[in-house]
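Below is one structure, written out as structure tokens, with a few remarks after it.
Values in this text are rule-based calculations from the coordinates and carry no lab data. What you see is a predicted model; the values in this text were computed from it and never measured. Cβ sites come from the backbone with ideal geometry, for glycine too, and all protein chains shown count toward neighbours.
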Amino acid sequence: MKALVLGGGGREHALAWKLLTSPHIEEVMCVPGNGGTATLPGCRNLGLALDDFEGIARVALVNNLSLVVVGPEQPLADGITDYLQQQGLTVFGPSKAGAQIEASKAWAKALMVEAGIPTAASDVFTDASSAIAYLQQQSLPIVIKADGLAAGKGVTVAPTLETAIAAVQDAFQGKFGAAGNQVVIEAFLTGQEASVLAITDGETIIPLMPAQDHKQIGEGDTGPNTGGMGAYAPTPIVTPEILDQVQEQILEPAIATLRQRGIDYRGILYAGLMISPTGEPSVIEFNCRFGDPETQVVLPLLETPLDEVLLACAESRLADLPPLQWKPASAACVVAAAGGYPEQYAKGMTISGLAAAAEQGAVVFHAGTQLSQGQVQANGGRVLSVTALGETFEQALEQAYAAIAEIQFDSMYYRRDIGFRVR
């Protein structure tokens, strides 16, 4: 079999890497890929843009590809799954209708209310003055979210009214483009965040290994939100009992309500959760794709060949798949970012120490990198995801930090406290 992975981040490098460990996969192609997929044995990057649906379909058909895996949310929201399926291709990833669960936070909130899924109380606004008037009546802290896709950076947890008003004004003044034309303001939930990525064919839904990600740029979970600065799995925050609750109160109702709306949802349903101090899960947000960097810690722990899982979803036969098999281990990932991220940052810095990091036993998944004249260069805000496995969480974390210490590029930054909430 040959597969195509769409996207160019750390998540997509991890997907390609994991697919190539399967005995059924002989080649993986990536659009556009990155410096890591360019040097991954059995993988090749294709010079196409993610919005070139026609070109992607042509490549997939000419190469007789068995599976197309869509990594990022934007092409899903733009309807790439619908387009490729119309060309007769097998695609892992929800339709444009299903991708609304991430593409519009207001739409997702309405679905949660309809399904009876536990989530924070919220209201939706289409102008700044109404939103600010509402804020002045609410208790603090409070959460302001750009409604649309903002690359993980459209959420502000505001401790003060001034911060909340500034977040609303930023959104309506165009900081997030069209994604900020509408904002969702919701109550602040207390507890610890966790990520449960679940695979579904629209009928059956199976949670993967629960993970905890670290979204904020600063240590101690301070500063602005990012796409994610590190993660680990499994997380003790989500006990087997809580995972059962997530299945019964969140995942099953979500899929049932999507079906009632006539949406055939096949792919990942990613529940971003808040686990309360008493162990009650609530949904902060839903995403329609694999998380990043959660994928970089979940997939290395998966023993079942990934292609078998993805094809079972795409072909609506997930109920027939044997139970997923997992390594009896822990995984930790530390993200190396360019200095200045998530705001302005430099590109083009040469990266050294990648081989030495691998010798530490880590897998270095490339995110914002490119291969130029034989050298790997930084080409994005989040540059690398350094992942390690261990018998215990502490061992995995120690190995990941030992590996990232071998890597250098100008202005490189990483958090030194991944997993601090459970250590």
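Take every Cα-Cα distance within region 83-127, group them into 5 Å bins from 0 onward, and report for each bin the whole-number percent of pairs it holds. Answer for region 83-127: a P(r) of 5, 17, 21, 18, 13, 10, 8, 5, 1 percent.
Measuring nothing but how far apart in sequence close Cα pairs (under 8 Å, 6+ apart) lie, relative to its length, the chain scores a relative contact order of 17 percent.
By the rule of a C-alpha distance below 27 Å, with chain neighbours fewer than 8 residues away ignored, the lysines paired with LYS105 are LYS96, LYS145, LYS153, LYS175, LYS215. The structure shown yields Rg/Rh (Cα atoms, Kirkwood Rh), and of the options [x] 0.94; [y] 1.03; [z] 0.97 that calculated value carries the label [x].
Computed from label points 7 Å out along Cα-Cβ, the spacing between GLN395 and TYR134 is 5.0 nm. Excluding LEU65 itself, calculate the net charge of residues whose Cβ lies under 12 Å from the Cβ of LEU65, where each Lys or Arg counts +1 and each Asp or Glu counts -1. Taking every other residue near LEU65 into account, the sum is -1. Computed on region 2-95, with alpha-carbon pairs under 8 angstrom and 6+ residues apart, the relative contact order is 28 percent. At q = 0.13, 0.18, 0.20, 0.22 Å⁻¹, what log₁₀ I(q)/I(0) does a Debye calculation on the Cα points of region 2-95 give, no solvent, two decimals? Values, matching the q order: -0.36, -0.70, -0.88, -1.08. Stretched out straight at 0.36 nm per residue, the stretch from THR126 to ALA110 would grow longer than its current Cα-Cα span by 4.2 nm. Taken about its Cα centre, the chain carries a charge dipole of roughly 580 debye when the Cβ of each Lys and Arg holds +1 and the Cβ of each Asp and Glu holds -1.
Projecting label points 7 angstrom from Cα along Cα→Cβ for ASP244 and PHE420 puts them 3.5 nm apart. Counting every C-alpha pair in region 127-181, the share spaced more than 14 angstrom apart comes to 45%.
Amide H to amide H distances under 5 Å link MET412 with GLY339, where only residues 5 or more positions off or on other chains count and H is placed in the peptide plane. When we measure straight from the Cα of LYS327, which lysines land under 20 angstrom away, once same-chain ones fewer than 8 places off are left out? Here the lysines satisfying the reach criterion relative to LYS327 are LYS18.
The slack between ASN64 and LYS2, meaning 0.36 nm per residue of separation minus the straight C-alpha distance, is 21.6 nm. Dividing the Cα radius of gyration of region 192-320 by 2.2 N^0.38 Å, with N the residue count, gives 1.05.
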